[in-house]
Amino acid sequence: MSWLERLQAVEELDGAPLDAALIADFERAAPRAATRPIRFSTPTFKAYSSCEMQGCGKNSFPAFSVTAGGCALMCDHCQAKILEPMIPATSPEMLERKVRELAATQDLQGFLLSGGSTRANEIRYERYLPVVERLKRELPHLKVAVHSALLDAARARAMAAAGVDTVMMDVIGSQETIRDVYHLGRPVEDFEATLAALCATTMEVVPHIVIGLHYGRILGEAKALEIVSRHRVHSLVLVVIMPFYARPGTFATPDPAEVGRVFLQARETIADREVLLGCARPPGMHKRVTDAYAVMAGLDGIAFPADGTLAVAHAIGRQAEQAHACCSIKTGRTIKLHPAATVGA
């Protein structure tokens with residue numbers, strides 16, 4: 001039975017606009033990822049529910065924003081809305097107090113440190129690093145992830161010295177996109193230089209690529225994959241542009257089949273490391289199809305999977321597990337997901 005035929009039994013994909021040729025390509029490429037289990041990540045950055053996933057402990061892996069909801073860059077695709085669900089931590093004292101409160105009252109496994117950018121696409125974390133160092137020393141089980149934005153080698157080394165476990169940054173492969181979408185006067189080379197600086201440290205480096213970042217068009221993704229492939233990254237996270245974050249009429253929603261082909265290209269280009277589908281992607285049936293394509297393309301993990309995604313994994317014979325953490329960082333808390341466990345869930 002072909003994969004396309006197997007998907008017809010997945011109720012959540014009933015009526016979905018599936019691309020038969022792409023699914024055939026996924027099936028032909030399947031041996032390359034046959035032994036890879038897929039990890040479904042359910043951190044507590046935002047509300048989430050799925051009939052296929054078990055509940056996540058409250059605040060086990062929260063996200064903090066050092067700028068609250070503020071961002072000077074205000075890129076066209078985001079408009080700072082991605083910061084809204086994060087917990088404000090606008091001073092080092094506030095961050096330390098909130099982390100310690102959660103560690104004392106919740107099953108805190110770690111946290112993500114993020115924030116809005118300056119107009120140079122930088123986030124100044126320097127004054128927070130002593131807090132991170134102290135928390136890591138006194139609560140050594142915590143895993144700390146940071147969105148770095150652009151930085152130099154000295155700041156990368158300072159993050160590593162403070163004990164940051166995982167660092168993330170966006171890699172953009174199109175100068176046109178940097179100029180038009182980010183309103184930023186920095187070259188593609190600055191993004192690669194930041195990636196190189198981070199990879200020169202002991203931190204796990206997890207670059208992100210936004211598919212459809214150029215107003216919904218596929219432009220620069222192949223170059224970004226090429227950049228990532230040249231460096232010692234721990235894994236790669238792909239996300240898909242979400243037009244409802246932007247001003248009405250400025251972004252198109254990428255075709256799920258185009259997104260799926262980027263998944264396949266990423267799997268082939270970054271064959272020896274994990275490739276993950278991150279939090280951001282359009283909702284509804286688009287998300288169900290996108291997540292199904294991610295499973296079939298052989299990606300190693302999906303954050304906040306859509307209903308039906310686990311059924312797709314089981315349909316094509318992929319093992320699955322659930323982790324209550326950011327998809328970019330593993331805390332060691334995983335739950336094996338078996339077909340029988342989800343019946344009637």
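The values are calculated or read from the model by the stated rules, or taken from the named source; none is laboratory data. Because the structure is predicted, anything quoted here is derived from the model rather than measured. Here Cβ is always computed from backbone atoms with ideal geometry, including for glycine, and neighbour counts include all displayed protein chains. Remember, those area values only see protein heavy atoms, side chains included, never the ligands or the DNA or RNA. Shrake-Rupley method; radii C 1.70, N 1.55, O 1.52, S 1.80 Å.
Descriptive notes on the structure:
The rows are residues; the columns are (1) in contact (Cβ under 8 Å) with a residue 12 or more places away in the chain; (2) under 23 Å from Ile82 (Cβ atoms); (3) among the polar types (S, T, N, Q); (4) in contact with a helix residue (DSSP H, G or I) (Cβ under 7 Å, 6 or more places away or on another chain).
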residue	(1), (2), (3), (4)
Gly110	yes, yes, no, no
Glu122	yes, yes, no, no
Arg127	yes, yes, no, yes
Val132	yes, yes, no, yes
Leu135	yes, no, no, yes
Arg157	yes, no, no, no
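- When Glu204, Glu226 are checked against the criterion of being more than 12 Å from Met169 (Cα to Cα) and in contact (Cβ under 8 Å) with a residue 40 or more places away in the chain, a single residue qualifies: Glu226.
- Unmet criterion (only one of (1) exposed (fewer than 14 other Cβ atoms within 10 Å of the Cβ); (2) of a type in the set (A, V, I, L, M); (3) at pLDDT 95 or above) for Met94: (1)
- Counting only residues that are part of a loop (DSSP other than H, G, I, E, B) and either modelled with pLDDT of 90 or more or within 17 Å of the chain's Cα centre (by Cα) (or both), region 75-91 holds 11 of them.
- Tally, over region 191-219, of residues that are more than 21 Å from Ala80 (Cβ to Cβ), outside any helix (DSSP H, G or I) and either out of contact with any Ser or Thr (no Cβ under 6 Å at 6 or more places or on another chain) or open to solvent by 20 Å² or more (accessible area, probe 1.4 Å) (or both): 10
- If you go through region 244-261 and keep only what is in contact (Cβ under 8 Å) with a residue 60 or more places away in the chain and either touching a Gly at 6+ places or on another chain (Cβ under 6 Å) or not aliphatic (A, V, I, L, M) (or both), you end up with Tyr245, Arg247, Thr250, Phe251, Pro256, Gly260, Arg261.
- Number of positions in region 205-227 that are in contact with a helix residue (DSSP H, G or I) (Cβ under 8 Å, 6 or more places away or on another chain) and under 21 Å from Arg36 (Cα atoms): 3
- Selection status of Phe251, among the aromatic types (Phe, Trp, Tyr) and either surrounded by 20 or more Cβ atoms within 10 Å (Cβ to Cβ) or touching a strand residue (DSSP E or B) at 6+ places or on another chain (Cβ under 7 Å) (or both): yes
- Residue match in region 171-190 (condition: closer than 22 Å to His147 by Cα, of a type in the set (A, V, I, L, M), open to solvent by 10 Å² or more (accessible area, probe 1.4 Å) and at pLDDT below 95): no
- Qualifying residue in region 140-149 (condition: assigned to a loop (DSSP other than H, G, I, E, B), open to solvent by 20 Å² or more (accessible area, probe 1.4 Å) and free of Cβ contacts under 8 Å to residues at least 40 places away in the same chain): yes
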